[in-house]
Amino acid sequence: MRSIARKTVIATAALAAALGLSVTSASAGAQATFTITPGGAFTANAVNPTLTVPAAQLTCNSSQAKGTLKSGSNPGTGIGDITSISFTACNVAGIDFTVTPDSASYPWKINLDTMTGTDRANGTITGIRATITGFSCVATFSGSVNGSYQNSNRTLHVTGGGTLAAESNANCLGLINPGDKANFVGDYVLTANQNISSP
């Protein structure tokens with residue numbers, strides 16, 4: 001009995017230590033802070049952003065995003081909001097399409113997790129949801145994308161990846177199907193400087 005009790009104590013201690021390590025590691029990540037100067041409202045413009053799925057690519061002439069960034073030092077999660085985004089003159093293989101963001105999904109969240117040197121803050125944009133419509137085609141995409149903000153050219157680089165995918169309503173003559181992964185890529189240049197740093 002003593003042997004069993006001793007093994008139970010050891011196992012419990014080991015489990016507690018492992019959980020303690022996990023909590024500490026998660027907390028360390030959550031506690032990463034970033035300083036934004038000056039913060040506040042921003043407007044950003046992109047030329048030729050694209051949305052690519054395995055069998056098709058949607059290209060727009062331009063896109064404009066508006067939002068806010070938290071001022072001063074704050075945790076990276078939810079450090080900024082995209083409160084509206086619009087797309088102009090979009091097409092798939094020369095066929096006109098419209099892109100309609102879901103206003104109920106705003107704000108899309110800007111999250112930061114690491115710095116590359118002092119010039120680039122890396123992270124994700126989450127909460128994205130938008131519908132594209134065109135000839136015999138409708139598809140709603142939702143999820144997250146990867147990206148970074150570069151101080152030296154005040155550009156929010158949306159680099160694709162993440163979880164962005166077509167929802168179950170996708171019906172586009174076989175070109176876009178439910179579950180298709182999508183890469184949303186664009187370089188959004190802010191109209192005014194914002195600087196991001198991290199200790």
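The values are calculated or read from the model by the stated rules, or taken from the named source; none is laboratory data. As the structure is a computational prediction, the values presented were derived from the model and not from experiment. Positions of Cβ are generated from backbone atoms using ideal geometry, with glycine treated the same way; all protein chains shown enter the neighbour counts. Remember, those area values only see protein heavy atoms, side chains included, never the ligands or the DNA or RNA. Shrake-Rupley method; radii C 1.70, N 1.55, O 1.52, S 1.80 Å.
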Query raised in the report: Regarding Ile125, is this residue touching a Leu at 6+ places or on another chain (Cβ under 6 Å) and either open to solvent by 20 Å² or more (accessible area, probe 1.4 Å) or hydrophobic (A, V, I, L, M, F, W, C) (or both)?
Result: no
Phe184 fails exactly one of (1) farther than 30 Å from Arg120 by Cα; (2) buried (at least 20 other Cβ atoms within 10 Å of the Cβ), namely (1)
Screening Thr163, Thr133 for residues that are farther than 25 Å from Thr35 by Cβ, free of Cβ contacts under 8 Å to residues at least 24 places away in the same chain and β-branched (Val, Ile, Thr) leaves only Thr163
Q: Could you tell me whether Gln194 is within 21 Å of Lys109 (Cβ to Cβ) and either at pLDDT below 95 or surrounded by fewer than 17 Cβ atoms within 10 Å (Cβ to Cβ) (or both)?
A: no
Of the residues in segment 42-87, those that are surrounded by fewer than 21 Cβ atoms within 10 Å (Cβ to Cβ), among the small types (Gly, Ala, Ser), on the phi < 0 side of the Ramachandran plot and not in a strand (DSSP E or B) come to Ala55, Ser71
Does Thr98 meet the test of being assigned to a strand (DSSP E or B) and surrounded by fewer than 19 Cβ atoms within 10 Å (Cβ to Cβ)? yes
Given the conditions (1) closer than 20 Å to Gly39 by Cβ; (2) among the aromatic types (Phe, Trp, Tyr); (3) open to solvent by 40 Å² or more (accessible area, probe 1.4 Å), every one holds for Trp108 apart from (3)
